[in-house]
Structures are given as C-alpha cells and as structure tokens.
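The values are calculated or read from the model by the stated rules, or taken from the named source; none is laboratory data. Keep in mind it's a predicted model, so treat the numbers as computed, not measured. FYI the Cβ positions are ideal-geometry reconstructions off the backbone, even for glycines, and counts take in every protein chain you see.
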C-alpha cells in the first residue's frame with residue numbers, strides 16, 4: 001500500500017471523482033444534523049454550493065419539500081446503527097432546482113476502531129428518473145402526480161362498473177379539487193409541480209392499494225374504491241381532506257394556503273353507464289366547492 005501511495009494519493013482520486021462526495025462527522029444526528037467536513041469538486045458542481053458553503057453546514061440543507069421523508073428516516077436509522085445504506089433521494093440545488101441522486105453512505109473508522117465520520121457518495125440520476133417518468137406517462141400515468149391519467153382512470157372506472165353490474169356489487173367514486181389552486185395558470189411553475197406531486201403522494205398514503213387514483217383534469221382528481229360503501233368512502237375522504245389541508249403547515253413554501261372540496265357517490269342499479277356515476281360525484285364536488293372545504297355525498 002505504501003508503494004501505491006507514493007505513486008498516487010487516494011485524496012486525488014476522491015477529489016477528481018465524477019460523483020459527488022461528502023464526509024460528515026458521525027454526530028449529532030438530531031437537528032441541525034451532522035456537520036460536513038469535506039466536499040469534492042463534483043459535489044460543488046452537483047449542488048451549486050461552493051466548498052466553503054458546504055463545509056460546516058449539514059447535508060439537510062440539500063433537502064426540500066419533496067424530499068422523501070421515508071428515505072430520510074431510512075438514512076437516519078443506518079447512521080444510528082453505524083451501518084451502510086443506499087437509496088434514491090431528491091435534493092435541491094442552491095438555486096432551488098431539483099435533482100435526483102443515488103446516495104451510498106458508509107461509516108469511517110478512526111484509529112481506535114470507532115465510527116468517527118460518514119462518507120456519502122452521490123451519483124446524479126436525474127436523467128434516468130426523467131426517463132422513468134416518460135415511460136410512466138406512456139403506461140397511463142400523469143407525469144406530475146404519478147397517479148393514473150384521465151384515459152387510464154376512465155378505463156378502470158369502465159371495468160369496475162361492468163364488474164359491479166355483473167356481480168351486483170358496489171363501489172364508491174370520489175372526486176375532489178384543491179380550492180384556490182389553478183394548475184393551468186401555473187403549469188410551468190415549480191411551486192405548482194411541487195403541489196401536484198404532494199397531492200399525488202398524499203393520495204397514495206391515504207387510500208388502499210386496490211383503489212384507483214387518478215388526475216382527470218387540471219385541478220380535478222378522482223378515486224375509485226371497489227367494494228366500498230358511502231360511509232367508508234366518507235371516512236377516507238375526511239382523512240384525505242385533513243391531510244391535504246395540513247400540507248401547508250408541513251411545507252410552508254407551498255402558497256397560497258388551500259382547502260379541499262370533495263364529492264362522493266356510489267354506483268346504483270339504474271346507472272346505465274359509468275359516466276353516470278362520475279357525473280353524480282361531480283355534482284357533489286360542485287356543491288362542496290360552493291360551500292368550500294367540505295365533503296358532499298350524493299346518494300342518488
């Protein structure tokens with residue numbers, strides 16, 4: 001090893017690596033978080049922060065409203081256990097723009113064998129994630145929310161309506177909109193895209209795996225809930241309304257504050273086509289929107 005070190009320095013390898021490298025102290029893990037003691041040139045280019053700005057700060061400065069909280073918890077557990085971890089993470093540059101990384105974190109030992117620091121290798125995978133999103137859209141996904149797009153959702157509604165008609169089973173349909181939010185006027189705004197992504201993530205957290213979630217308009221969303229009566233759908237709708245309204249408290253960068261209006265209905269034997277169910281749910285949505293921030297159930 002000594003002979004190799006005479007020929008080249010490992011620090012030169014790290015400094016000139018294509019991937020970003022951060023080294024932090026092993027503690028504290030509580031706020032403000034571990035202190036950065038080293039950043040290579042690639043990390044400067046990736047984050048937009050200079051080395052002087054990074055050193056002495058915490059990696060949490062790179063996180064933002066859409067950074068996955070579950071991934072952060074996974075990283076924290078690994079740091080607590082002083083073990084290696086690898087995951088995908090959304091970070092934010094100094095200018096506020098987003099970039100995706102695949103991050104690998106490993107503990108570094110001091111001479112006594114105790115963990116004194118952590119090294120994090122960060123590879124920019126933004127182009128790969130963008131390609132994934134493109135294929136998701138081709139597969140029937142809305143690019144902004146990663147929910148089903150309109151055509152895919154309506155196909156699912158048609159299949160469920162036919163199944164319910166054959167087997168005399170029930171399903172509930174929920175439509176909702178975020179009040180005070182006009183996605184069409186802010187289609188290219190980063191704040192608008194953040195809101196849409198948060199709405200999609202919140203829906204996935206509230207509803208079941210068997211439910212179909214869709215964005216069917218600029219500011220209209222729908223949830224198809226098989227084998228679900230109005231009471232059960234109403235409880236789920238209230239959970240959704242509460243969690244969406246709480247987004248502003250958890251993400252103060254999302255403005256203006258918004259409320260949520262929700263319409264719910266259930267399939268009926270007299271429904272001649274699936275659109276009848278959707279139109280009825282929309283009637284409830286219109287009534288809820290007129291009164292603001294509430295759930296309205298349309299039974300017939």
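Would you mind stating whether residue 2 is closer than 24 Å to residue 128 by Cβ, over 24 Å from the mean Cα position of the chain (by Cα) and either exposed (fewer than 15 other Cβ atoms within 10 Å of the Cβ) or modelled with pLDDT of 95 or more (or both)? Break it down stepwise before answering.
On the way: closer than 24 Å to residue 128 by Cβ: no; over 24 Å from the mean Cα position of the chain (by Cα): yes; either exposed (fewer than 15 other Cβ atoms within 10 Å of the Cβ) or modelled with pLDDT of 95 or more (or both): yes.
Taking the combined requirement at face value, the residue does not satisfy it.
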- Note on the structure: Those residues of region 200-218 that are surrounded by 17 or more Cβ atoms within 10 Å (Cβ to Cβ) and either in a loop (DSSP other than H, G, I, E, B) or not assigned by TED's automatic domain parsing to the domain that holds residue 173 (or both) come to a total of 2
- Message: Quick test for you: out of 272, 210, 220, pick the one residue that is modelled with pLDDT of 85 or more and farther than 23 Å from residue 148 by Cβ.
- Response: 272
- Scan region 148-156 and give yes if some residue there is in contact (Cβ under 8 Å) with a residue 60 or more places away in the chain, in contact with a helix residue (DSSP H, G or I) (Cβ under 6 Å, 6 or more places away or on another chain), more than 26 Å from residue 20 (Cβ to Cβ) and outside the structural domain of residue 40 (by TED's automatic domain parsing), otherwise no. no
- Note on the structure: Reported set for region 224-254 where residues are in contact with a helix residue (DSSP H, G or I) (Cβ under 7 Å, 6 or more places away or on another chain) and either at pLDDT 85 or above or under 22 Å from residue 148 (Cβ atoms) (or both) is 224, 225, 226, 236, 239, 240, 243, 244, 247
